[in-house]
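Each remark here refers to the structure printed beneath this line.
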Amino acid sequence: MRFCIIGLGSFGTHLARQLARDGHEVIGVDNDPIHTEAMKDEIEFLVTGDCSDIDTFQDIPVSDCDAVILAIGKDFEAALSVAANVQQIGAKRIISRIINPLHARLLKLLKIDEVIIPESLAAAWLSRSLRSPDVLNCFQVGKGHEIVEVSCPDGLIGKTLRDVDLRARYELNLVTVLKRKGGTSVSTAVPQIEKILGIPEPCRVFEENDILLIFGSEKNVRRLLDDHASA
């Protein structure tokens with residue numbers, strides 16, 4: 001996929017790097033040549049220009065991008081001008097960082113509904129991590145449910161999925177089992193995915209280096225981990 005990231009500050013830079021690592025084509029845009037120069041060895045397509053000027057988009061193939069991410073930080077007026085220009089050009093999908101509640105309301109008037117607060121996302125992830133350090137990654141699904149990655153508890157090693165009976169005992173579903181390799185992820189110092197084992201069979205035996213991808217409530221995930229923690 002192809003993504004355009006406008007604003008290569010801290011958030012935009014980290015996002016651009018992660019998307020590039022994941023194999024996507026990234027177009028990075030910033031009005032500060034220091035920011036674009038810093039990314040020259042990581043992103044092939046870089047543009048130095050002020051996107052509050054609509055003429056700048058003559059050098060940016062916005063219509064060919066699957067999404068345009070507005071990652072501008074503190075400049076409220078510039079962020080709105082850029083959003084209006086991207087909307088006018090007719091980007092397929094626009095995702096914007098928001099600076100404050102007024103920014104969000106004005107974006108809504110522009111019919112830009114996909115907004116994010118990176119600091120809020122980071123805080124939510126850190127809060128979950130502090131509550132359960134053994135949870136490697138977490139994605140909230142509605143109210144009270146989540147999809148989590150956890151290291152296989154010591155008490156499960158050597159048992160089968162049938163033995164543990166996650167559904168009946170804990171109201172949890174094991175989505176899949178992951179194997180990992182060295183390296184770090186964008187959000188935490190855990191290895192990157194090397195292999196996904198597909199839909200687990202009931203007779204599949206849990207192994208020491210398994211990463212379990214589980215769906216259920218936080219309360220039941222915690223209960224599972226506590227019940228099978230090492231003595």
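The values are calculated or read from the model by the stated rules, or taken from the named source; none is laboratory data. What you see is a predicted model; the values in this text were computed from it and never measured. Note: ideal-geometry Cβ built from the backbone for every residue, glycine included; neighbour counts use all protein chains shown.
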(request) Filter the range 11-31 for residues that are in a loop (DSSP other than H, G, I, E, B) and either touching a residue at least 24 places away in the same chain (Cβ under 8 Å) or closer than 17 Å to Val68 by Cβ (or both) and give the result. (result) His24, Asn31
(message) Among the residues of the range 144-160, are any in the same structural domain as Glu201 (by TED's automatic domain parsing), exposed (fewer than 12 other Cβ atoms within 10 Å of the Cβ) and either in contact (Cβ under 8 Å) with a residue 12 or more places away in the chain or within 25 Å of the chain's Cα centre (by Cα) (or both)?
(response) yes
(message) Can you confirm whether Val86 is at pLDDT 90 or above and under 23 Å from His24 (Cβ atoms)?
(response) yes
(request) Looking only at the range 45-55, decide whether some residue is over 14 Å from Val82 (Cβ atoms), among the hydroxyl-bearing types (Ser, Thr, Tyr) and outside any helix (DSSP H, G or I). (result) yes
(request) Return yes or no: is Asp50 assigned by TED's automatic domain parsing to the domain that holds Arg93, acidic (Asp, Glu) and loosely packed, with under 14 Cβ neighbours inside 10 Å? (result) no
(request) Quick one: which residue in Leu46, Leu106 is modelled with pLDDT under 90 and over 30 Å from Glu194 (Cβ atoms)? (result) Leu106
(message) Go through (1) free of Cβ contacts under 8 Å to residues at least 40 places away in the same chain; (2) closer than 30 Å to Glu194 by Cβ; (3) crowded, with 16+ Cβ neighbours inside 10 Å for Ile94 and report which single condition fails.
(response) (2)
